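For reference, the structure is listed below as structure tokens.
The values are calculated or read from the model by the stated rules, or taken from the named source; none is laboratory data. These numbers come from a predicted model, not from an experiment. Neighbour counts run over all protein chains shown; Cβ positions are idealised from the backbone, glycine included.
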Amino acid sequence: MTEKRASQVGGRLRGMLRDLWAAAALPLISIVLALIVGAVVILASELIVPGRPFDVTLPLAAYSALFTGSLGGLDPIVNTMRSAAPLVLGGLAVGLGFKAGLFNIGAQGQFLLGALGAVTVGIALNEASPFIAIPLSLLAGGLFGAAWGFVPGLLKAVSGAHEVVTTIMLNYVAGSTIAWAVSGPLDQPGSPSPITAQVGNAALPVLIGRNGHAGILLALVAAVVVGWLLYRTTRGFEIRTVGANPDAARYAGMQPRLIVVLTMSMAGLLAGLSGSIVVLGVTHHMTASFGTTVGFDSIAVALLGRSNPVGIIFAALLFGAMRAGAPLMQIQTLNLIPAELVDVVQATILLFLVAHAVIRRLLHLRGVAAGVEATDTITKSYSGEAVTH
Amino acid sequence: MDPVIQFFYGIPVLGLVFQFVGYIVDQLPTIAPIILGNATPIALAALCGVMCERSGVVNIGIEGIMIATAFVGWYVGVLVSPMFGARPDWIFGFSPALLIALAAAILTGMLISLLHAWLSITVKADQIISGTIINIAAFGLTGYLNTLISQTSPNGAGNFSRFRPPAEITQIPVVGWLFQMFLRQGPIAISLIVIVIAFQVLLFRSRWGLRTRAVGEHPRAAETVGIDVIWLRYRNVVFAGAFAALAGAYLSMEATNSFQQGMTTGRGFIGLAAMIVGRWTPVGAFGAALLFASSAALGYSIGGNPPPGQLGDLLSGVPGQVFDALPYLVTIVVLAGFIGRSVAPAADGQPYERESAH
Amino acid sequence: MRGITKRYPGVLANDSIDFDIRPGEIHALLGENGAGKTTLMNILYGLAVPDAGELLLDGQPVQIKSPHDAIRRGISMVHQHFMLVPVLSVADNILLGEEPMAGPIFLDQGGAHRRIRDLGSRFGWKVDPDQKVGSLSVGWQQRVEILKALYRNARILVLDEPTAVLTPQETAEIFSVLRSLRQEGYAIIFISHKLYEVLEIADRITVIRRGKVIGTRRPAETNEADLAEMMVGREVQLTVDRGESHPGDVVLRIRGLEVKDDRGQEAVRGIDLEVKAGEIVGVAGVAGNGQDELVEAIVGLRQPSGGHIELDGRDMTHAGARERHRLGVGFVPADRHRFGMVLSFPLTDNFILTDYYEPPFARGILRNDEAIEERAERGIKNYDIRTPSANVTGATLSGGNQQKVIVAREFEGEQRLLVLDQPTRGLDVGSIEFIHRQAIIKRNAGSAILLVSAELDEVLELSDRIVVMFRGAIVAVRDGRTADKNEIGRLMATGAEGRESGTPAA
């Protein structure tokens, strides 16, 4: 009796492990392969910069610095979480779009506008009670981001302009908007270069370690909410149906245009919150060079996390760790290895993920899920075809 | 001043419009070459898009190919120019180092395109995701290498110089500015005109063009008459990489003589919008590129040489960032307005499955 | 072709098939959908590679690895779904792949146009080489396909289901063309699943079933019943017994309906139509005469530009798809992959696709997974859907089982109106029979049913009343039991009785 029970439990455990392996194997293999490619890049870099002895162990030194800088102690771990939090929100912004068949490359612009909204309200309320200043600043950031997502959503729903082109254009417009705001209306008089005032009481409280701010918690809550929305609610079913087959969605009486506008706005809201927690939790002010990589890292996070909220958290932690550890790597390799190595590794991971079919064949993997979530409708709706007639 | 014109200037808004038109006519000879110069990378990116998408492959990695080739062109110039010593003063400032650098850039563009072709045709990955990854990879790698190389204080190979058309031509009344526009350019911008016309004619009059259009519209029909769909798509996508490479080389070897991180500033994507607005034809895409480029040129012109009087006062109150954002805003508006009337090739973006399942 | 064998995952499509064809002969290949006819011809044409067996041409073994090889050896194929590029001209379509060149780069378009006109005049066709293929009628597109084959100097011509999309009159014309080609010494392979057609046109008939050759007959030695038995493997009842109908009140009333197509052209021009409870009204017509737009307007996927639609006396001209569904309109769409199902979703989600927002499947804004699961299990049981579980994705099911999922979903409950658009296209005989029987059951239970089908036989078999659509209008109404097939065919082709067809309709 108990034996049978035990074997049942064992069977279920094996089943769970198999599912876990199916979902995680390919990302893991891609990460390992990308680290190998990164090592080759490091070795090649030594050849480019002359005047230093060639050191075969440099990749190891670089990676161990990366590891120490991201996971070696409480402060590095908190730093990793702090870098990961905006990536979770940004990854959700891109991933939610994928689920609806939309490619939200505009997370960068929504992120910037969100930060602008948060910093504007934060400065205005910098002496108000934190209980008022923080929620209102976050709200403003979310709404600014949502507005920046709403526009391409509306353009797609009404005219069929593909979001890939419009959101990228809006990213550049967002950059100009930030540059204008920081050097114009929000500029603090007397500073040598354009910079805003501090957000004061609107700053997010620190919860763990030296600088683990409340935004980390917000990101986790957002992941839970998005997962609940997608898989537990009827609205989420509509989003997923529009993403998988917009014609069938119309047939089922759903309104794809509405869903597109709604999803883009929600994605903008998430990306806007991402910008808000960086400005309210980390920098506390804003300059023209604010947050240049988060938007594009978010695409990588969403792809690596297969648009799934749990996957996105893990992917964000990985990329957050690399971002957190990169400065130490640059210092410990005496500036030989620039922090941008992280970008190279990140892009290589994605390349391996996209070429998943090839990797599976080469390594004889079976029962392993595809590297990139099926997003047929993204390219299908490209250029010209409106969402509905 | 003409009393009639003076009368119009007196009416508030209409006066401003008149002043604006007068300003543009006045500035045209100066900004016309700038317009074509600005349009060159956009148009070349658009031609890359046309060649890929006419055969059914969506390529949004053009931006990435441009940044990578801009880097390679510049850096190969850095590496080889010491080998050639003094630089002969050929036409357009051609030097062996520059030509080798250009060839390297083109080769790089074609290699990256080969990667995209492989991912989207053979691996059958989602083509937009493949293009995005090429963009991320190209920006990451060039950023990394640029930071690395800046430690060696590199010296570039210089850049292609502009042709100086004789004054007798550019001074011709009414049309002189056109010659100024098309001839007062470097070799890449001048060759653009030739490429656009040749591409247009070949696309609609040659065997290659007919087959390309058929493959982009109905690949199975093309296959049943013995056309190798896969091979044709590979060829087109790889060759299109040369156009994107020229666009990248233009930025770092003709418009400037250096490489800056992210120097493409979205022009590859604006090129895709130009392709759509130009209805997937080379000439149409070129026209749309000129339209997008003029908005940027106008911004420079107003910033550098503001119009006098009332209009000038008004424009000087506009922040410079508005003009920076202008090309992107124009692109969005035109794209949203045009898209319903512009129809993509029917098989655009769909991987081709060779054998039917039953 | 000798001993041809071809396997696909899970199916043996061709099992050592022998097949031959001689010059000046029409050899029919007869079999059900999925019997392996198309696979065999794809092998002959180089679109598929056989796992075993060999091809002999004039007694010599040959390798045909691509359509290019086939064309070079004089084999041409007219595919069931035309292989024409709609945006290209007639001439461009014909010369594609065999382009005459003026110089090394440019096409010799003038010479090609002349040759195409000459070819056409052999059959008395006035061909306009510059016209875009997309603007031609189906019959004319087929002529372009035949010209394409002749332009390539084909000796062997394969026609895959050439009559599937034609009216009886267009079919008769194609037959006369084939006969004259036979006279000229062409070898013609004619693929079909229509018995009377192969008996009419073929010199020899080879029947295949489940990838195997069952036998070869001459038309004189056989008859429809014999061939049908060879084809299906048992004696088949060729029609479903539809029984008596007892029409009740009018359920669907359409008045002066006008609908525009995607290009803004008037596709439905002022239609009046009534469907009563307990009757099946069949819409006959050549594809592209406004049926799609009519159906989409009735189910709420397309806004009419004029006229009224009433359901049980309530105006629903401008109601959305969901509102109509709630009023009791069920819809089985023609393209089940595009509209009817989400292939990447599990069956459970597909069963509730149109009801997901209502109790019991929704509780407030949340999904009720228990009820959804229960719904799927019930549908699978009641409609005999073959699937390992309710949680596999729609894509894993066969076409017949996918269609059963849609039917199970749309026939659920007391539907007032069922719109069936090509409900059995591409299905196996068993599924067709099943779906026809379900439709009759729903009719007898009091639903009003509108059946749209390109298969005239299906319309004749099921309908209590038949309306014929031609160029967006209803040109005739006939009683379903007494309708004459040839008369309906003429009406489909010309919109009127007696007049002959033959003009390229836009």
Q. What is the residue count in the range A:179-194 for residues that are at pLDDT 90 or above and either more than 18 Å from B:Gly299 (Cβ to Cβ) or surrounded by fewer than 19 Cβ atoms within 10 Å (Cβ to Cβ) (or both)?
A. 2
Q. When residues of the range B:101-144 are filtered for being among the polar types (S, T, N, Q) and under 12 Å from B:Ala70 (Cα atoms), how many remain?
A. 2
Q. Looking at the range C:32-58, which of the residues that are at the interface with chain B (Cβ under 9 Å from one of its Cβ atoms) and β-branched (Val, Ile, Thr) is farthest from C:Glu433 (Cα to Cα)?
A. C:Val49
Q: State which residue is modelled with the lowest pLDDT when the search covers only the range A:152-176 and only residues that are over 17 Å from A:Ala271 (Cβ atoms), surrounded by fewer than 24 Cβ atoms within 10 Å (Cβ to Cβ) and at the interface with chain B (Cβ under 9 Å from one of its Cβ atoms).
A: A:Gly160
Q) In this structure, does B:Ala245 turn out to be in a helix (DSSP H, G or I), in contact with a Phe, Trp or Tyr (Cβ under 9 Å, 6 or more places away or on another chain), over 30 Å from C:Asn42 (Cα atoms) and not aromatic (Phe, Trp, Tyr)? A) no
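A quick yes/no check of all residues on (1) within 30 Å of C:Ile43 (Cα to Cα); (2) in contact (Cβ under 8 Å) with a residue 60 or more places away in the chain; (3) buried (at least 18 other Cβ atoms within 10 Å of the Cβ); (4) more than 14 Å from every other protein chain (Cβ to nearest Cβ):
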{"position": "C:Arg117", "(1), (2), (3), (4)": "no, no, no, yes"}
{"position": "C:Lys126", "(1), (2), (3), (4)": "no, no, no, yes"}
{"position": "C:Ala149", "(1), (2), (3), (4)": "yes, yes, yes, no"}
{"position": "C:Arg152", "(1), (2), (3), (4)": "yes, yes, yes, no"}
{"position": "C:Val158", "(1), (2), (3), (4)": "yes, yes, yes, no"}
{"position": "C:Pro162", "(1), (2), (3), (4)": "yes, yes, yes, yes"}
{"position": "C:Thr167", "(1), (2), (3), (4)": "yes, yes, yes, yes"}
Q | Meets criteria (under 14 Å from the mean Cα position of the chain (by Cα) and free of Cβ contacts under 8 Å to residues at least 40 places away in the same chain) for C:Ile432 | A | yes
(Q) Tell me yes or no: at least one residue of the range C:80-100 is touching a Ser or Thr at 6+ places or on another chain (Cβ under 8 Å), more than 12 Å from chain B (Cβ to nearest Cβ), in contact (Cβ under 8 Å) with a residue 12 or more places away in the chain and not charged (D, E, K, R). (A) no
Q: Filter the range C:33-79 down to residues that are of a type in the set (Asp, Glu) and in a loop (DSSP other than H, G, I, E, B) and give me whichever is surrounded by the fewest Cβ atoms within 10 Å (Cβ to Cβ).
A: C:Asp58
Q. If we scan the range C:154-170, do we find a residue that is among the small types (Gly, Ala, Ser) and within 14 Å of C:Ala28 (Cβ to Cβ)?
A. no
Q.
Among the residues in the range B:92-113, are any within 13 Å of another protein chain (Cβ to nearest Cβ), of a type outside the set (Lys, Arg) and either more than 30 Å from A:His162 (Cα to Cα) or surrounded by 17 or more Cβ atoms within 10 Å (Cβ to Cβ) (or both)?
A. yes
Q.
Out of the residues in the range B:118-148 meeting the condition of being touching a Leu at 6+ places or on another chain (Cβ under 8 Å) and either more than 7 Å from chain A (Cβ to nearest Cβ) or not in a helix (DSSP H, G or I) (or both), tell me which one is farthest from A:Val41 (Cα to Cα).
A. B:Ala125
Q: May I ask you to verify whether A:Ala302 is outside any helix (DSSP H, G or I) and within 14 Å of another protein chain (Cβ to nearest Cβ)?
A: no
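Okay, residues lined up against (1) β-branched (Val, Ile, Thr); (2) on the phi > 0 side of the Ramachandran plot; (3) part of a helix (DSSP H, G or I):
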position	(1), (2), (3)
B:Phe199	no, no, yes
B:Ala214	no, no, yes
B:Glu223	no, no, yes
B:Glu254	no, no, yes
B:Phe259	no, no, no
B:Met263	no, no, no
B:Ile270	yes, no, yes
**Q.** Selection from the range B:137-190 of residues that are of a type in the set (Gly, Ala, Ser) and surrounded by fewer than 15 Cβ atoms within 10 Å (Cβ to Cβ)
**A.** B:Ser150, B:Ser153, B:Ala167
**Q.** Wholly enclosed helices (runs of 4 or more DSSP H) of the range A:177-265 bearing at least 3 residues within 29 Å of A:Ala316 (Cβ to Cβ) and away from chain C (no Cβ under 14 Å)
**A.** A:215-232
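Results for (1) within 9 Å of chain A (Cβ to nearest Cβ); (2) crowded, with 20+ Cβ neighbours inside 10 Å; (3) in contact (Cβ under 8 Å) with a residue 12 or more places away in the chain; (4) farther than 24 Å from B:Gly131 by Cβ, shown as yes or no for each residue.
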| residue | (1), (2), (3), (4) |
| --- | --- |
| B:Phe269 | yes, yes, yes, no |
| B:Asn305 | no, no, yes, yes |
| B:Leu311 | no, yes, yes, yes |
| B:Ser316 | no, no, no, yes |
| B:Gly337 | yes, no, no, yes |
| B:Ala346 | no, no, yes, no |
Q) Is it true that B:Ala222 is surrounded by fewer than 17 Cβ atoms within 10 Å (Cβ to Cβ) and within 11 Å of chain C (Cβ to nearest Cβ)? A) no
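The rows are residues; the columns are (1) of a type in the set (S, T, N, Q); (2) at pLDDT 90 or above.
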| site | (1), (2) |
| --- | --- |
| C:Arg425 | no, no |
| C:Gly430 | no, no |
| C:His436 | no, yes |
| C:Ile441 | no, yes |
| C:Ser447 | yes, yes |
| C:Leu456 | no, no |
| C:Arg465 | no, yes |
| C:Phe470 | no, no |
| C:Arg481 | no, no |
Q.
Restricting to the range A:92-111, give me the number of residues that are in contact with a Gly (Cβ under 6 Å, 6 or more places away or on another chain) and in a helix (DSSP H, G or I).
A. 5
Q: Evaluate the range A:119-128: report whether one residue or more is in a helix (DSSP H, G or I) and within 30 Å of B:Gly337 (Cβ to Cβ).
A: no
**Q.** Some residue of the range C:110-119 being among the aliphatic types (A, V, I, L, M) and under 28 Å from C:Ala164 (Cα atoms)
**A.** yes
Q: Please go through the range B:305-335 and pick out each residue that is over 21 Å from B:Thr265 (Cα atoms) and either outside any loop (DSSP other than H, G, I, E, B) or under 20 Å from the mean Cα position of the chain (by Cα) (or both).
A: B:Gly309, B:Gln310, B:Leu311, B:Gly312, B:Asp313, B:Leu314, B:Leu315, B:Ser316
(Q) I'd like to know if the range C:306-318 contains one or more residues that are within 14 Å of chain A (Cβ to nearest Cβ), part of a loop (DSSP other than H, G, I, E, B), more than 28 Å from the chain's Cα centre (by Cα) and not β-branched (Val, Ile, Thr). (A) yes
Q | Residue satisfying all of: in the range C:59-79; polar (S, T, N, Q) and away from chain B (no Cβ under 11 Å); nearest to C:Thr5 (Cα to Cα) among these | A | C:Gln63
Q: Could you please give the count of residues in the range C:332-371 that are within 10 Å of another protein chain (Cβ to nearest Cβ) and part of a helix (DSSP H, G or I)?
A: 8
